[in-house]
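J.: What follows is a single structure, and I will ask about it in a moment.
Values in this text are rule-based calculations from the coordinates and carry no lab data. Since the model is a prediction, treat every value here as computed from it, not as a measurement. Here the Cβ is made from the backbone with ideal geometry for all residues, glycine too, and neighbour counts use every protein chain on show.
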Amino acid sequence: MNRRGLCLVLAAPSGAGKTSLSRALLANDGFISLSISATTRAPREGEQDGVHYYFKTPEAFAAMIANGEFLEHANVFGRAYGTPRAPVEAALAAGRDILFDIDWQGYRQLRAALPDDVMGVFIRTPSLDDLRIRLISRGDDDATIARRMAEAETELAHQSEFDFIIENKDFDVALTDLRAIRRACRLMTSRVVTGQ
Ligand code: GDP
Ligand code: ADP
Ligand code: 5GP
């Protein structure tokens, strides 16, 4: 049975476990990959062009917008970020799923661009106190923790726009939930391309 691939967007307040859950979902699975965004921000230590991001000058980024090469783009913290269209369309047609780490503005635009292909999953901790404990245990400094706790309120205000909410209390339960969501979405009648 041929199925069209799925765009899975994960969003979370920083520290809720998005990176850990994405990593576990992507590990040893050839049928799901992470979407590589383009950005005008400078590479951080260890980041490689074409692996973590496609690093672009503002002029090159603007040309990509003008040529319609983005499915969505947004300004985040004063820098431009965008999702290149071609790799996503190729993966979906080949039945491969794509995981997105984009902000809530990107999620809204992506849904509008691909209304039948996008599922949004919001990841959160049981409480804000739990979030703070995670940030402390990860080793974030006090100023970073204060900023992330304030940003968490904004993220949480958008959670109702997502199709699913996962509470990341026990990690293995949260991962099982995420896999179950993906599997059920893949099995939706609307995703079947051919078959009997
Ligand atoms: P799990 O529940 O996350 O372990 O994964 P599943 O049981 O949903 O699928 C097992 C593997 O097969 C995973 O790597 C999926 O990505 C892949 N897979 C499942 N269904 C399909 C399909 O219809 N087409 C393709 N190409 N891969 C699939
Ligand atoms: P994010 O990518 O959302 O910022 P991380 O994946 O970096 O979050 O997780 C934040 C911290 O919490 C990390 O130190 C991670 O190991 C830890 N963590 C993730 N999930 C759990 C969990 N279910 N229980 C306890 N700690 C967790
Ligand atoms: P960072 O610069 O730390 O890698 O990412 C900063 C922010 O930009 C994160 O909130 C991330 O989700 C968001 N982001 C990364 N890529 C994209 C993208 O292609 N589109 C949108 N809209 N946001 C993105």
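J.: Ranking 1, 188 by Cβ neighbours within 10 Å, fewest first, what do you get?
T.: The most exposed by this proxy come first: 1, 188.
J.: Using every pair of alpha-carbon atoms in the chain, split the distances into 5 Å bins beginning at 0 and state the percent of pairs per bin, rounded to integers.
T.: 1, 7, 15, 18, 20, 17, 12, 6, 2, 1, 0, 0
J.: Now for a separate question. With a cap of 12 neighbouring Cβ atoms within 10 Å, and only residues DSSP puts in a loop, list the trypsin sites (Lys or Arg not before Pro) found in region 1-95.
T.: Qualifying residues, ordered by number: 44.
J.: Right, next: Pulled fully out, how much extra length does the chain show between residue 136 and residue 79, if you take 0.36 nm times their separation in residues and subtract their Cα-Cα distance?
T.: Numbers: separation 57, 0.36 × 57 = 20.52 nm, distance 2.74 nm.
Computed gain between residue 136 and residue 79 is 17.8 nm.
J.: Among 21, 156, which comes first, second and so on when ranked by fewest other beta-carbon atoms within 10 Å?
T.: Least to most surrounded, the residues fall as 156, 21.
J.: Which percentage, to the nearest 5, of the DSSP beta bridges contained in the chain is antiparallel?
T.: 35
J.: Now a separate question. Quick one: net charge of residue 32's neighbours, Cβ under 11 Å, K/R +1, D/E -1?
T.: Numbers: positive: 96, 179, 182, 186; negative: 29, 97.
My count for the surroundings of residue 32 gives +2.
J.: Between residue 42 and residue 190, what is the spin-label point distance in nm, taking each point 7 Å from the Cα along the Cα→C-beta axis?
T.: The answer from the label model is 4.4 nm.
J.: While we're on this one: Given the -39500 (n - 2.57) contribution per DSSP H run of 4+ residues, what per-residue ellipticity at 222 nm results for the chain, rounded to the nearest 500 deg cm²/dmol?
T.: -12500 deg cm²/dmol
J.: Additional query: Within 14 Å, Cβ to Cβ, of residue 131, how many net charges do the neighbouring residues add up to if Lys/Arg are +1 and Asp/Glu are -1?
T.: Combined, the nearby Lys, Arg, Asp and Glu give +1.
J.: Run the Debye formula on the Cα coordinates of region 110-196, all scatterers equal and no solvent, and tell me log10 I(q)/I(0) at q = 0.12 1/Å.
T.: Each listed q corresponds, in turn, to -0.51.
J.: Please report the net charge: other residues with Cβ closer than 10 Å to the Cβ of residue 85, K and R +1, D and E -1.
T.: Residues near residue 85 contribute -3 overall.
J.: Moving to a separate point now. Among 83, 125, which comes first, then next, by fewest other beta-carbon atoms within 10 Å?
T.: 125, 83
J.: Next question, about the same structure. In percent, what relative contact order does region 67-153 have, based on Cα pairs under 8 Å that are 6 or more apart in sequence?
T.: For region 67-153, the relative contact order is 19 percent.
J.: Continuing with the same structure: Kindly state, to the nearest 0.05, the FRET efficiency for residue 144 paired with residue 112, given R0 = 22 Å and r defined as their beta-carbon distance.
T.: 0.10
J.: I would also like to ask the following. For the pair residue 1 and residue 69, how long in nm is the line joining their label points, each one 7 Å along Cα→Cβ?
T.: About 3.8 nm separates the two model spin labels.
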